[in-house]
Amino acid sequence: MTVVVLSASPDQPALLLDGNLVTDVIWSTATTGDRLEHVYTRSTAGRLDIVLFPLAADAREAAATADRIIHRALTGAPFLAGWTPARDPPAERAPPWNPV
């Protein structure tokens, strides 16, 4: 599991992304070789929390795969222009996940 947080550009901090649309973009940019199993997103103003579950040998490989997928999504979807990623937010800022 790898957590990636996308942050809006400082000039549009209240921008709200459609988490379902971003999930679709992530799935469409993931390749078979990425071995992506699940994606969860949660959107708030100026922030999008993404949890990716690639099938990987270890945490380092999972993080590298997540970075590649997110990079492809950010460069391939114009509506994501200006959003910046950060992986593994501090625990006090990490979202509470309760996937159903």
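The values are calculated or read from the model by the stated rules, or taken from the named source; none is laboratory data. Keep in mind the model is a prediction, meaning the values are calculated, not measured. Reconstructed Cβ throughout: ideal geometry from the backbone, glycine too, with neighbour counts over all protein chains shown. Only protein heavy atoms, including side chains, enter the accessible area calculation; ligands, DNA and RNA are left aside. Shrake-Rupley method; radii C 1.70, N 1.55, O 1.52, S 1.80 Å.
For the Cα atoms of the chain, what angle does the longest principal axis make with the long axis of helix 19-29, in degrees from 0 to 90, nearest 10? Approximately 40 degrees, to the nearest ten. The share of accessible area on the chain that comes from carbon and sulfur is 56 percent, using a 1.4 angstrom probe. Computed across the chain, the Kirkwood hydrodynamic radius from all distinct Cα-Cα pairs reaches 13.6 Å. Taken along the Cα-to-beta-carbon direction at a fixed 7 Å, the label points for THR84 and THR44 span 1.9 nm. Available extension along the chain between MET1 and HIS71 is 23.5 nm, counting 0.36 nm per residue and deducting the alpha carbon span. With axes computed from alpha carbons, what is the tilt in degrees of helix 59-76 against the longest principal axis of the chain, rounded to the nearest 10 within 0 to 90? Result, in degrees: 50. When the chain is treated as a Gaussian network with alpha carbon springs shorter than 10 Å, the biggest mean-square fluctuation among ALA14, ALA57, ALA77 belongs to ALA57.
In this structure, the amide hydrogen of LEU36, modeled 1.01 Å from its nitrogen in the peptide plane, lies closer than 5 angstrom to those of LEU55, counting only residues at least 5 positions away or on a different chain. Assuming charge only on the beta carbon of Lys and Arg (+1) and of Asp and Glu (-1), the dipole of the chain about its Cα centre is about 60 debye to the nearest 20.
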